[in-house]
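All remarks here apply to the structure that follows.
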């Protein structure tokens, strides 16, 4: 059979239908999928560790020889142990092999080999059970280690990959234009694919990796630019210059320079004949709502309408109160459309929207329901956009004719990553806090100081303040819910008896959640015990302390979001991070939280420590899954790839030039893997 890259994996020698099912579980369906099933690491046989320097429980490569093979020991039916003494000429260890006479017989006494496995035993006699055994040769000094599943072994995958590479040798299409390969100093794709699997040394592996990482990041960058271009059809909502100085005079504070800049960037976009498609990214409390109010006023001066969609009723109500306060004195009519308004009130608001009597409407997903029709919708603003599905945002946009779009997010992320994740949007950043905003004082403590932390909270409550206590649901199931409820119950009966406690968690109905938050905001509840659903929530200026249990379970960015629940009033505010698992990694991360209060700086640290995969959870950003690139480690290649993507896109926005044909096919493949 003539095997090609597109051939089913089952047709490859040594695979067959049954083993193909194992490969399918790893998303390997074709020969090409197998070739792009990259190693997750390598066993470097050139850098072995002396036995005396090994630590029990750790994995090592150790070079030496077998000095003595012991007689097989049959310990029970179907189980035979084969043991041998191994030396590196300084110290000995015992090898144990289970039930594999073939492996035991494959090496001889005195023959130089490298063992790879976990050290066990004790300080007097070290052991290694079921090691990988490699004969020392010139061509196999770096052994690939693959992600595998039951039914496959490392040795089996290595043989199959080698077989696939030899079959398609010299038949790998080169998709990258020659001038880019030369300018970037990149190897050929054929060299990269062979040497990522079977490199003779570290240099060859790094050369191969650099090429494959560049391919992936250039493809992603170009793909996002194409998406951006695709979404830019002409709009009838081209707006015209208006003087909005009366808005700035009417609000009771001065905007920061970055708020002015963001407003101007939005206005310049809306004066073009293509719709604005912009991300307004700012730290917690950076003042995104006032930017939304300013551009809504600009739209009003153009005699058109704005819709603002928030993820919860209580957040929508908060935006309504804020925008109403800013805009109604200037003659702008602001409406609120949420599920809890009465049928009579809803009918009245709907009539106001369709007649043009309401200029700015704020709501939840009720805004994109079929019954809601706009008189002349020119601007759509979504808050915390990752909490809405693509279809929900698109449905709201369809209420107008190609309206301008502003997406607001309080998750600060490094600009380089933002350009990838939100590559189809232009970006405005609010990177300074409004004047007078106080830094939240942060402490990290172990569970031993929990009672003292509770005492500190009670001190704040006795001054008339309020507090949050965040308790993560360990699992999204009934057991996890039970643990949150029992924790709140325990607090109300013990440490906080005599204080009013409320409980908030994700399994509650929206109306129940909103009711609890309203009671907390009004001061009826003193302590709100909550899961992370409180991460994006309302402003409660009287809340001055937040205690976060099991803080080691969260990334830095999420801890920062939670910390942003306090510090919204004029009083000093505090965040207490509690952990019962103070590992070195945990201590390092919590120290960073105590030291850094800037969300953008924290996000850079988070990216270094966890990578972008955990940044939002893949379901929220919908990026195509990357096979080899790591945006936190490969930042220099990322910058070069982005610059190259921009250059290619500007000279050939449809990628129709013959030399860009290969790039087009790479983009198609990558976005077919997209998780969104």
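The values are calculated or read from the model by the stated rules, or taken from the named source; none is laboratory data. Because the structure is a prediction, the values reported are computed rather than measured. With ideal geometry, Cβ positions are generated from the backbone for all residues, glycine too; neighbour counts draw on all protein chains shown.
Among the residues of segment 592-633, write down those that are within 27 Å of residue 211 (Cβ to Cβ), modelled with pLDDT of 85 or more and part of a helix (DSSP H, G or I).
Across segment 592-633, there are no qualifying residues.
Just one of the numbered conditions (1) modelled with pLDDT of 85 or more; (2) assigned to a loop (DSSP other than H, G, I, E, B) is not true of residue 508; which one?
(1)
Residue pairs, Cβ under 6 Å, 6 or more apart or interchain, first in segment 572-597 and closer than 26 Å to residue 466 by Cα, second exposed (fewer than 13 other Cβ atoms within 10 Å of the Cβ). List them.
Filtered contacts from segment 572-597: 597/439.
Give 3, 51, 66 a once-over and let me know the one that is outside the structural domain of residue 134 (by TED's automatic domain parsing) and either surrounded by 15 or more Cβ atoms within 10 Å (Cβ to Cβ) or modelled with pLDDT under 85 (or both).
After applying the criteria, what remains is 3.
Which of (1) surrounded by 15 or more Cβ atoms within 10 Å (Cβ to Cβ); (2) assigned to a loop (DSSP other than H, G, I, E, B); (3) not assigned by TED's automatic domain parsing to the domain that holds residue 16 does residue 128 not meet, given it meets every other one?
Residue 128 satisfies all of (1) surrounded by 15 or more Cβ atoms within 10 Å (Cβ to Cβ); (2) assigned to a loop (DSSP other than H, G, I, E, B); (3) not assigned by TED's automatic domain parsing to the domain that holds residue 16 except (2).
Look through segment 567-591, keep the residues that are modelled with pLDDT of 90 or more and buried (at least 18 other Cβ atoms within 10 Å of the Cβ), and return whichever of them is nearest to residue 604 (Cα to Cα).
Ranking the qualifying residues of segment 567-591, first place goes to 590.
Answer yes if at least one residue in segment 397-416 is modelled with pLDDT under 70, surrounded by 22 or more Cβ atoms within 10 Å (Cβ to Cβ) and more than 21 Å from residue 562 (Cβ to Cβ), and no otherwise.
no
Quick one: which residue in 190, 208 is more than 27 Å from the chain's Cα centre (by Cα), crowded, with 16+ Cβ neighbours inside 10 Å and either modelled with pLDDT under 85 or on the phi < 0 side of the Ramachandran plot (or both)?
Matching residue, one of 190, 208: 190.
Restricting to segment 457-497, what's the tally of residues that are in a loop (DSSP other than H, G, I, E, B) and at pLDDT 90 or above?
Of the residues in that region, 7 qualify.
Does segment 100-109 contain any residue that is in contact (Cβ under 8 Å) with a residue 40 or more places away in the chain, crowded, with 16+ Cβ neighbours inside 10 Å and on the phi < 0 side of the Ramachandran plot?
yes
Considering only residues that are within 16 Å of residue 567 (Cβ to Cβ) and under 20 Å from the mean Cα position of the chain (by Cα), look in segment 592-608 and name the one that is surrounded by the fewest Cβ atoms within 10 Å (Cβ to Cβ).
So the residue we want is 598.
Sort out which residues of segment 189-216 are more than 24 Å from residue 157 (Cα to Cα) and either in contact with a helix residue (DSSP H, G or I) (Cβ under 6 Å, 6 or more places away or on another chain) or without any contact (Cβ under 8 Å) to a residue 40 or more places away in the chain (or both), and write them in order of number.
Listed by number, the list holds a single entry, 214.
Report, ordered by the first and then the second residue, all pairs with beta carbons closer than 7 Å, sequence separation of six or more or different chains, a first member in segment 75-98 that is loosely packed, with under 15 Cβ neighbours inside 10 Å, and a second member that is assigned to a loop (DSSP other than H, G, I, E, B) and modelled with pLDDT under 90.
Within 7 Å, the pairs are 79/99; 98/130.
Which one is nearest to residue 540 (Cα to Cα), of the residues in segment 255-277 that are in contact with a strand residue (DSSP E or B) (Cβ under 7 Å, 6 or more places away or on another chain) and surrounded by 23 or more Cβ atoms within 10 Å (Cβ to Cβ)?
Looking at residues that are in contact with a strand residue (DSSP E or B) (Cβ under 7 Å, 6 or more places away or on another chain) and surrounded by 23 or more Cβ atoms within 10 Å (Cβ to Cβ), I get 262.
From the list 532, 544, exactly one residue is assigned by TED's automatic domain parsing to the domain that holds residue 448, modelled with pLDDT under 90 and under 26 Å from residue 446 (Cβ atoms). Which is it?
Of the residues listed, the single one that is assigned by TED's automatic domain parsing to the domain that holds residue 448, modelled with pLDDT under 90 and under 26 Å from residue 446 (Cβ atoms) is 532.
Could we say that residue 329 is modelled with pLDDT of 90 or more, outside the structural domain of residue 540 (by TED's automatic domain parsing) and surrounded by fewer than 22 Cβ atoms within 10 Å (Cβ to Cβ) here?
Yes, satisfied.
Checking the conditions here, which among 38, 82 is assigned to a strand (DSSP E or B) and touching a helix residue (DSSP H, G or I) at 6+ places or on another chain (Cβ under 7 Å)?
82
Scanning segment 428-450 for residues that are over 22 Å from residue 597 (Cα atoms) and surrounded by 11 or more Cβ atoms within 10 Å (Cβ to Cβ), which turns out modelled with the lowest pLDDT?
Only one residue tops the list, namely 447.
Among the residues in segment 154-171, are any surrounded by 19 or more Cβ atoms within 10 Å (Cβ to Cβ), over 30 Å from the mean Cα position of the chain (by Cα) and over 23 Å from residue 7 (Cβ atoms)?
Within segment 154-171, none of the residues are surrounded by 19 or more Cβ atoms within 10 Å (Cβ to Cβ), over 30 Å from the mean Cα position of the chain (by Cα) and over 23 Å from residue 7 (Cβ atoms).
Residue 252 versus (1) farther than 17 Å from residue 362 by Cα; (2) crowded, with 17+ Cβ neighbours inside 10 Å; (3) at pLDDT below 90: which is the lone unmet condition?
(2)
On the given criteria, is residue 188 farther than 28 Å from residue 406 by Cβ and in contact with a strand residue (DSSP E or B) (Cβ under 9 Å, 6 or more places away or on another chain)?
Taking the combined requirement at face value, the residue does not satisfy it.
Consider residue 388 against the criteria (1) closer than 22 Å to residue 604 by Cα; (2) touching a helix residue (DSSP H, G or I) at 6+ places or on another chain (Cβ under 9 Å); (3) at pLDDT below 75: it satisfies all of them except one. Which criterion is unmet?
(1)
Search segment 44-67 for residues being assigned to a strand (DSSP E or B) and within 35 Å of the chain's Cα centre (by Cα), and hand back the single one that is nearest to residue 88 (Cα to Cα).
61
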